[in-house]
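The values are calculated or read from the model by the stated rules, or taken from the named source; none is laboratory data. Since the structure is predicted, the reported quantities are computational estimates derived from the model, not experimental observations. Neighbour counts run over all protein chains shown; Cβ positions are idealised from the backbone, glycine included.
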Amino acid sequence: MHDTAFMNKKILCGLTVEEMFSLIEPAGFERRHALFIANAIYKKRISLLTRLPKISKALIQFLDEIASAGLYNPKASEISADKAVKYLFSSPDGKYFETVYMPDNKRNTVCVSTQSGCRMGCPFCVTGRYGYHGNLTAGDIINQVLSIPEAANVNHVVFMGMGEPLDNPGNVLQACKILTAEWGLAISPGNVTVSTVGITPGVKSFLEASECNLTISLYSPFAMERAGVIPAEKRYPAAEILEMMRNYPKRKKRRFSVAYVMIESVNDSDRHLEGLKKMLGGSGIRVNLLPYHPVKNNVYASSTAEKMQHFKHELVTSGISASVRKSRGADISAACGLLASGFIK
Ligand code: SF4
């Protein structure tokens, strides 16, 4: 269903300040006015243009006729035992997607979706089973940070919700630009992470055009095994992408990492450990070890906590930075690979 309030109007959330300026310049307004608008939407989260502060009546009237702020609230929410909150959004053009807010002392993270569903077809992932219902716009992505009730507390953003971010690179890069710009949400690029299964052209443009962090989901250091769980491996081998990350000039605050979801008796053997060491040794790429969340009609289980610690210890002692990450929101289907199994079926 389409939201008629946004129809035929230019949506401002998702535009850069320069794009806002080109919208108002023909009517005689200046760049400083575009900065006021960006400030009101991205910092003050004002959803009604008639409430924009510090702006002349003429500009308010002009904007109100041609544009909409483009902010819209979630339709539903669910809270987990560990205080993660999952939100269901429906975009103005009727696409459904989910967002997860994860508070953790001073680190408050929003996990955003970049597509409604996903077309990568990874067999273990519930989001993939939902099918592909289209790309989200940069405005839809930014709105997930601005329109949750905890928006004022957010200081980290991860692109790890529904969809493969680098299958929608234009909107993801635009969203990263707005999240990190001074005139935008002004979040440090070191606090924004894009997580991908690895789409080589998308990785290349992301490395060049953004300062944000990049994580690749690995599942196995062996190409044939990986292709069985991540079909994208056949076209875009992880080894090729890791080589690009390894050779990319390092910047102080930018982190490159591998997400390794550990599945008992599938990818947690000594052979896998040795494969990881061989693949990542000397690369400067860190490893995040994550528990696997069993999904319905699936025989797999997570590796034990002891096995995960063993992997961490072995990687660290061979010179590879590694950590065991806890997973949040599993009880409300808000953890990695589980989105679209709660509100959306
Ligand atoms: S794991 Fe990621 S890329 Fe694969 S189907 Fe799920 S959302 Fe898509």
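Can you tell me which residues in region 72-81 are farther than 15 Å from residue 150 by Cβ and surrounded by 12 or more Cβ atoms within 10 Å (Cβ to Cβ)? Result: 72, 76.
Residues that are within 16 Å of residue 169 (Cβ to Cβ), part of a helix (DSSP H, G or I) and within 15 Å of the ligand (Cβ to nearest atom) within region 207-232 comprise just one, 232.
Within region 118-136, one or more residues are charged (D, E, K, R), touching a strand residue (DSSP E or B) at 6+ places or on another chain (Cβ under 8 Å), surrounded by fewer than 22 Cβ atoms within 10 Å (Cβ to Cβ) and farther than 23 Å from residue 69 by Cβ.
To keep it simple, each residue is scored yes or no on (1) of a type in the set (Gly, Ala, Ser); (2) touching a Gly at 6+ places or on another chain (Cβ under 7 Å).
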residue	(1), (2)
77	yes, no
83	no, no
87	no, no
91	yes, no
96	no, no
106	no, no
109	no, no
113	yes, yes
117	yes, yes
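Checked against the criterion of being out of contact with any Asp or Glu (no Cβ under 8 Å at 6 or more places or on another chain), part of a helix (DSSP H, G or I), more than 16 Å from the ligand (Cβ to nearest atom) and in contact (Cβ under 8 Å) with a residue 60 or more places away in the chain, the candidates 178, 148 yield just one match: 178. Candidates in region 120-140 are the residues that are assigned to a helix (DSSP H, G or I) and within 15 Å of the ligand (Cβ to nearest atom); of these, the one that is nearest to residue 12 (Cα to Cα) is 127.
Considering 85, 112, the condition of being within 21 Å of residue 328 (Cβ to Cβ), in the same structural domain as residue 146 (by TED's automatic domain parsing) and within 14 Å of the ligand (Cβ to nearest atom) is satisfied by 112 alone. Before we move on, is residue 190 farther than 19 Å from residue 100 by Cβ and in contact with a helix residue (DSSP H, G or I) (Cβ under 7 Å, 6 or more places away or on another chain)? No.
Of everything in region 54-74 that's touching a Ser or Thr at 6+ places or on another chain (Cβ under 8 Å) and part of a helix (DSSP H, G or I), which residue is nearest to residue 139 (Cα to Cα)? Out of the qualifying residues, it is 64. Name the single residue, out of those in region 289-313 being surrounded by fewer than 20 Cβ atoms within 10 Å (Cβ to Cβ) and within 21 Å of residue 215 (Cα to Cα), that is modelled with the lowest pLDDT. Restricting to residues being surrounded by fewer than 20 Cβ atoms within 10 Å (Cβ to Cβ) and within 21 Å of residue 215 (Cα to Cα), the top hit is 302. Does region 243-278 hold any residues that are assigned to a helix (DSSP H, G or I) and touching a Phe, Trp or Tyr at 6+ places or on another chain (Cβ under 9 Å), and which are they? Result: 245, 246, 271, 272, 273, 275, 276. Checking each residue in region 1-23 for being modelled with pLDDT under 95 and in contact with a Leu (Cβ under 9 Å, 6 or more places away or on another chain) picks out only 10. Note on region 186-211: among residues that are of a type outside the set (A, V, I, L, M) and under 11 Å from the mean Cα position of the chain (by Cα), the one that is surrounded by the most Cβ atoms within 10 Å (Cβ to Cβ) is 196.
Quick grid of which residues meet (1) part of a loop (DSSP other than H, G, I, E, B); (2) in contact with a Lys or Arg (Cβ under 8 Å, 6 or more places away or on another chain):
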| position | (1), (2) |
| --- | --- |
| 142 | no, no |
| 161 | yes, no |
| 170 | no, no |
| 186 | yes, yes |
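Per this entry, residue 60 is not counted among residues that are outside the structural domain of residue 185 (by TED's automatic domain parsing) and within 30 Å of residue 105 (Cα to Cα).
When region 151-175 is limited to residues that are of a type in the set (Gly, Ala, Ser) and in contact with a strand residue (DSSP E or B) (Cβ under 9 Å, 6 or more places away or on another chain), the one that is farthest from the ligand (Cβ to nearest atom) turns out to be 151.
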